[in-house]
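The values are calculated or read from the model by the stated rules, or taken from the named source; none is laboratory data. Note that the structure is a prediction, hence the values are computed from the model and not measured. Note that each Cβ is placed from the backbone with ideal geometry, even for glycine, and that neighbours are counted across all protein chains shown. Surface accessibility is based on the protein's heavy atoms, side chains included, excluding ligands, DNA and RNA. Shrake-Rupley method; radii C 1.70, N 1.55, O 1.52, S 1.80 Å.
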Amino acid sequence: DTAVSQTPKYLVTQMGNDKSIKCEQNLGHDTMYWYKQDSKKFLKIMFSYNNKELIINETVPNRFSPKSPDKAHLNLHINSLELGDSAVYFCASSQKGVGNTIYFGEGSWLTVV
Amino acid sequence: RKEVEQDPGPFNVPEGATVAFNCTYSNSASQSFFWYRQDCRKEPKLLMSVYSSGNEDGRFTAQLNRASQYISLLIRDSKLSDSATYLCVVIVYNTDKLIFGTGTRLQVFP
């Protein structure tokens with residue numbers, strides 16, 4: 001079983017559309033994250049949730065809205081997609097506490113045309 | 001200045017070579033340190049944690065220099081399968097936020 005799974009893996013969509021990426025982890029972790037990796041391969045945190053509560057919001061445009069219905073799920077909804085949103089979005093999870101390993105999903109390749 | 005800086009490379013080395021990567025971090029409150037590996041079009045995966053006294057895992061050795069705020073990764077006897085991007089990762093004290101460097105690309109050739 002995949003520990004952190006996200007869907008869809010590939011998404012091509014037009015500017016202005018609204019899309020969602022779903023993420024689920026079966027590791028029993030308390031903390032989940034969304035990271036964005038841009039064309040220069042720089043991996044940057046967007047959001048972090050702990051037990052459904054928003055902990056980190058890294059000045060992401062409010063077109064991006066995470067939703068955590070329970071601690072095993074963290075979905076990402078993006079409104080009014082822009083060309084600059086094209087990137088790979090990685091979901092991840094870890095057990096709360098400094099120094100614990102973070103496990104990534106396989107990534108969702110978003111291309112906005 | 002980026003919070004975590006790495007030489008992007010690429011480092012092109014022959015099989016069997018020893019190669020070393022460095023990483024510097026700017027926040028002196030950084031508390032935990034890791035090396036992650038990312039293969040092309042794949043997700044990052046933990047390679048090893050970095051401890052203050054330095055630590056070794058097979059062919060891989062990690063070192064931490066808190067005074068100079070840098071971390072290193074040494075790979076001995078490089079294999080073709082070591083070809084990947086190596087990401088330096090730092091966690092600042094009292095946060096759960098992993099801060100990634102831009103990565104150093106390693107290409108091992110036969």
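Averaged across the residues of A:101-107, what count of C-beta atoms belonging to other chains lies within 10 Å of each residue's C-beta?
On the way: counts 5, 9, 4, 7, 1, 3, 4.
If you average over the peptide's residues, the count of other-chain Cβ atoms is 5.
Enter the buried accessible area of the A/B pair, total of both sides, probe 1.4 Å, in Å² rounded to the nearest 100.
Numbers: alone 6460 and 6260 Å², together 10910 Å².
Between A and B, the summed buried area is about 1800 Å².
Just the Cα atoms of segment B:33-89: what Rg and Dmax do they give in Å?
Expressed in Å, the Cα Rg and Dmax of segment B:33-89 come to 11.6, 35.
Between B:A62, B:Y51, B:S26, whose Cα lies farthest towards the positive end of the dipole of segment B:1-70 when Lys and Arg beta carbons carry +1 and Asp and Glu beta carbons carry -1, centred on the Cα centre?
Farthest towards the positive pole: B:S26.
For a 24 Å ceiling on Cα separation, which of these pairs sit above it: A:K9/A:K67; B:K2/B:K97; A:K67/B:K2; A:K41/A:K71; A:K40/B:K79?
Details: A:K9/A:K67 19 Å; B:K2/B:K97 15 Å; A:K67/B:K2 29 Å; A:K41/A:K71 28 Å; A:K40/B:K79 26 Å.
In this structure, A:K67/B:K2; A:K41/A:K71; A:K40/B:K79 lie more than 24 Å apart at Cα.
Mind checking the mean number of beta-carbon atoms from other chains within 10 Å of the Cβ atoms in B:91-103? Show your work: numbers first, answer last.
Working: counts 4, 1, 1, 1, 4, 14, 6, 8, 3, 7, 2, 4, 5.
Other-chain Cβ atoms within 10 Å of each residue's Cβ, averaged: 5.
Amide H neighbours of A:T111 under 5 Å, counting only residues 5+ apart in sequence or on other chains, H built in-plane at 1.01 Å?
Residues meeting the criterion, in which the H sits 1.01 Å from N, are A:L11, A:V12, A:T13.
State in Å² the accessible area per residue of chain B; use a 1.4 Å probe, count heavy atoms of protein chains only, and round to the nearest integer. Could the numbers behind the result be given before it?
On the way: 5350 Å² over 110 residues.
Result: 49 Å² of accessible area for each residue.
Of the accessible area of the protein assembly as shown, with the probe set at 1.4 angstrom, what percent is carbon plus sulfur?
On the way: 5210 of 10910 Å².
Carbon and sulfur together cover 48 percent of it.
Mind listing the Cα extents of segment A:65-113 along all three principal axes, in Å, largest one first?
That gives 39, 21, 16 Å along the principal axes, largest extent first.
Give me the inter-chain shielding for B:28-41: mean count of other chain Cβ atoms within 10 Å, whole number please.
Working: counts 0, 0, 0, 2, 4, 1, 3, 0, 4, 0, 5, 0, 0, 4.
Mean partner-chain Cβ count within 10 Å for B:28-41: 2.
Output needed: Cys residues of the protein assembly as shown lacking any neighbouring Cys C-beta below 4.7 Å, sorted by number.
B:C40
In Å², what does the accessible area per residue of segment A:65-113 work out to with a 1.4 Å probe? It would help to have the intermediate numbers written out before the result.
Values: 1890 Å² over 49 residues.
Accessible area per residue, segment A:65-113: 39 Å².
Would you give the gap between the C-alpha center of segment A:38-80 and the C-alpha center of segment B:2-61, rounded to a whole Å?
After rounding, the separation between the Cα centres reads 26 Å.
What are the aspartates and glutamates whose alpha-carbon lies under 18 Å from the alpha-carbon of A:K36, with same-chain residues fewer than 8 places away excluded?
Straight-line reach from A:K36, under 18 Å: A:D18, A:E24, A:E58, A:E82, A:D85, A:E106, B:E3, B:E5, B:D39, B:E43, B:D96.
Could you work out which residue, out of B:A84, B:A29, B:A67, moves most in a Gaussian network model of chain B, that is, has the largest mean-square fluctuation with Cα springs under 10 Å?
Comparing B:A84, B:A29, B:A67 in the GNM, the peak value goes to B:A67.
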